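Peer 1: One structure coming up, written as C-alpha cells, with questions to follow.
The values are calculated or read from the model by the stated rules, or taken from the named source; none is laboratory data. Please read all numbers here as calculations on a predicted model, not as lab measurements. Cβ placement follows ideal geometry from the backbone for every residue including glycine, while neighbour counts extend to all protein chains displayed. Surface accessibility is based on the protein's heavy atoms, side chains included, excluding ligands, DNA and RNA. Shrake-Rupley method; radii C 1.70, N 1.55, O 1.52, S 1.80 Å.
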Amino acid sequence: MKYLSWTGLQHFYDKYIKSVNDQLKDVKSALSSFVEKKDIVDNLTSQAGDAPLSANMGRELSEDMSVETEWKIYNENNWELKYRKSGYKRYQVRVIYTDKNGSHDNKDRLIMRGCPFTPDGDQRLVVLMNVAQQIVGTGNIQFRTNRNVTLSAEEYNNPVTYECYGEVIVQ
C-alpha cells in the first residue's frame, strides 16, 4: 500500500479539494440571493420594506397607476359627468348642466343618484355658474360616499350653465 507524502497531499488538496470549496462558496453566494416562496408578498398592505412583491401585485399596481386618456360619460337628470382615471385612486372629472329655468333650491340639491365611482370620503369641488361665458355665481358640487352627487349654489333667476372641473380621490 502506498501513502502520499505531505507534499503530495498539499498538491492533491490544492488541485481538487480547494477548487471544490471555492465552487461551494460560489453556490452558497448564489443561493443567498434566492427568495423562498413563503417570503414573497402578495398584498399591498405589508410594512416589510425588503420583501419581494409578487407578479400579481405588480400587475395590480401597474393597473392602479395607469391613466386614461379617453373620457367616459355618465348622464343623469340632464347633468353630464365626464370622468377618466388620472392616477392612483384618482379621477379627473367635468360636470356640466344648463338650467333653462334659472337656479332655485340649490342647497344640497341631489343631481345624481348613481355616480359611476365611489369617492374616498365626501369631497367638494367648486362649480362656476355662467351666462354667455361670464361668471354670474359660484357654488360647489359634492361627491358623496353613497355615490350621490349634490349641488349647493347661489340662486339665479335666468337660464344658467353650471360647470365644474376637478379631481376626486376614489376608493
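Peer 1: Which members of the range 44-58 meet the condition of being open to solvent by 50 Å² or more (accessible area, probe 1.4 Å) and either in contact with a Cys (Cβ under 6 Å, 6 or more places away or on another chain) or aliphatic (A, V, I, L, M) (or both)?
Peer 2: Result: Leu44, Ala48, Leu53, Ala55.
Peer 1: Further, regarding this structure: With the checklist (1) exposed (fewer than 10 other Cβ atoms within 10 Å of the Cβ); (2) of a type in the set (A, V, I, L, M); (3) part of a helix (DSSP H, G or I) in hand, flag the one item Leu61 doesn't pass.
Peer 2: The number of the failed condition is (1).
Peer 1: Got a sec? Which of Tyr83, Tyr97 is closer than 25 Å to Ala153 by Cβ, surrounded by 15 or more Cβ atoms within 10 Å (Cβ to Cβ) and within 20 Å of the chain's Cα centre (by Cα)? Reasoning before the result, please.
Peer 2: On the way: Tyr97 fails: within 20 Å of the chain's Cα centre (by Cα).
None of the others qualify; the one that does is Tyr83.
Peer 1: Test Val41 against the criterion of being closer than 30 Å to Leu151 by Cα, surrounded by 11 or more Cβ atoms within 10 Å (Cβ to Cβ) and aliphatic (A, V, I, L, M), and give yes or no.
Peer 2: no
Peer 1: Mind checking which residues of the range 68-93 are among the basic types (Lys, Arg), touching a residue at least 60 places away in the same chain (Cβ under 8 Å) and in a strand (DSSP E or B)?
Peer 2: Step one: of the range 68-93, the residues among the basic types (Lys, Arg) are 72, 82, 84-85, 89-90.
Among the residues that remain, those that are also touching a residue at least 60 places away in the same chain (Cβ under 8 Å) are: 89-90.
Residue satisfying the conditions is Arg90 alone.
Peer 1: I'm trying to understand the selection: among the residues of the range 26-67, which are among the hydroxyl-bearing types (Ser, Thr, Tyr) and either touching a residue at least 24 places away in the same chain (Cβ under 8 Å) or under 30 Å from Arg94 (Cα atoms) (or both)?
Peer 2: To start, the set of residues in the range 26-67 that are among the hydroxyl-bearing types (Ser, Thr, Tyr) comprises 29, 32-33, 45-46, 54, 62, 66.
Hits for the range 26-67 are Ser62, Ser66.
Peer 1: Say whether the condition of being within 19 Å of the chain's Cα centre (by Cα) and of a type in the set (A, V, I, L, M, F, W, C) is met by at least one residue in the range 10-33.
Peer 2: Pass one, the range 10-33, residues within 19 Å of the chain's Cα centre (by Cα): none.
No, the range 10-33 contains no residue that is within 19 Å of the chain's Cα centre (by Cα) and of a type in the set (A, V, I, L, M, F, W, C).
Peer 1: Related question: Collect the residues in the range 100-144 that are exposed (fewer than 13 other Cβ atoms within 10 Å of the Cβ), polar (S, T, N, Q) and outside any strand (DSSP E or B), keeping them in residue-number order.
Peer 2: Selection gives Asn101, Gln133.
Peer 1: Here's a follow-up. Suppose we filter the range 1-18 for residues that are aromatic (Phe, Trp, Tyr) and modelled with pLDDT under 70; how many remain? Break it down into steps so the answer makes sense when it comes.
Peer 2: First, pick out the residues of the range 1-18 that are aromatic (Phe, Trp, Tyr): 3, 6, 12-13, 16.
Within this subset, residues satisfying the condition of being modelled with pLDDT under 70 are none.
Within the range 1-18, residues that are aromatic (Phe, Trp, Tyr) and modelled with pLDDT under 70 number 0.
Peer 1: I'd like the residue in the range 145-171 that is polar (S, T, N, Q) and in a strand (DSSP E or B) and, out of all such residues, is farthest from Leu110 (Cα to Cα). If you could, list the steps in order and put the result at the bottom.
Peer 2: Residues of the range 145-171 polar (S, T, N, Q): 145-146, 148, 150, 152, 157-158, 161, 171.
Those left that are additionally in a strand (DSSP E or B): 150, 152, 161.
Numbers: Thr150: 4, Ser152: 9, Thr161: 17 Å.
Across the range 145-171, the extreme among qualifying residues is Thr161.
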